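> Here it is, the structure in full.
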Amino acid sequence: MAQHLRPGSRVLWAIRLPPASAADMRRSLSAPVLLVRRPQAAIVFSCIGRGPYHYGGDDPDLACLRDIFPHLPLIGAHDTGQMAPVPRGGNRLLQNAVVSALISQPGRRADDVQPGA
């Protein structure tokens, strides 16, 4: 479990199928393509329960990143838990997830330019 359960909580077990995992990864990476102009690098933390163990020797998550962002420098690791921010503030510990971030230079707005520069 990624976090302690409260007494009386319901626990449901599910099996994650590799094709669904790969499709979710491709879908989740389609939004940053529109938001991040010219990414310079990426950081990726993938659960050890994904990657080659989940996909039977291959790593479609990594292949998806490479397909969408070819030649992008990438650093990351397979680990046993991923932390991600939540909209209300704070962080959440996730399991069997991939947490990725694209790094880019902030865009310049017209009002950021100083006269004579």
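The values are calculated or read from the model by the stated rules, or taken from the named source; none is laboratory data. Just so we're clear, the structure is a prediction, and the values are computed from it rather than from any experiment. No Cβ is skipped: glycine too gets one built from the backbone with ideal geometry, and neighbour counts run over all protein chains shown. Heads up: the accessible areas ignore ligands, DNA and RNA and are worked out on the full protein's heavy atoms, side chains in. Shrake-Rupley method; radii C 1.70, N 1.55, O 1.52, S 1.80 Å.
> For residues that are in contact with a His (Cβ under 9 Å, 6 or more places away or on another chain) and part of a loop (DSSP other than H, G, I, E, B), scanning just the stretch 1-48, find the one that is nearest to H71 (Cα to Cα).
In this case the residue turns out to be I48.
> In addition: Only one of these conditions is not met by I68: (1) closer than 23 Å to H4 by Cα; (2) surrounded by 11 or more Cβ atoms within 10 Å (Cβ to Cβ). Which number is it?
Answer for I68: the failing condition is (1).
> Restricting to the stretch 1-22, and then to whatever is touching a residue at least 12 places away in the same chain (Cβ under 8 Å) and open to solvent by less than 100 Å² (accessible area, probe 1.4 Å), can you tell me which residue is farthest from Y53 (Cα to Cα)?
So, considering only residues that are touching a residue at least 12 places away in the same chain (Cβ under 8 Å) and open to solvent by less than 100 Å² (accessible area, probe 1.4 Å), the one farthest from Y53 (Cα to Cα) is A2.
> Right, next: Exactly one of these conditions fails for Y53: (1) open to solvent by 80 Å² or more (accessible area, probe 1.4 Å); (2) of a type in the set (F, W, Y); (3) touching a Ser or Thr at 6+ places or on another chain (Cβ under 8 Å). Give me its number.
Every listed condition holds for Y53 apart from (3).
> Do you know which residues across the stretch 71-88 are in contact (Cβ under 8 Å) with a residue 12 or more places away in the chain and either surrounded by 10 or more Cβ atoms within 10 Å (Cβ to Cβ) or outside any loop (DSSP other than H, G, I, E, B) (or both)?
L72, P73, L74, I75, G76, A77, H78, D79, G81, Q82, M83, A84 - these are the residues of the stretch 71-88 that are in contact (Cβ under 8 Å) with a residue 12 or more places away in the chain and either surrounded by 10 or more Cβ atoms within 10 Å (Cβ to Cβ) or outside any loop (DSSP other than H, G, I, E, B) (or both).
> Touching a residue at least 60 places away in the same chain (Cβ under 8 Å) and either exposed (fewer than 11 other Cβ atoms within 10 Å of the Cβ) or of a type outside the set (V, I, T) (or both): is that true of R37 in this structure?
Yes.
> Pick from the stretch 40-50 the residues that are within 14 Å of the chain's Cα centre (by Cα) and not β-branched (V, I, T): which of them is most open to solvent (accessible area, probe 1.4 Å)?
Result: F45.
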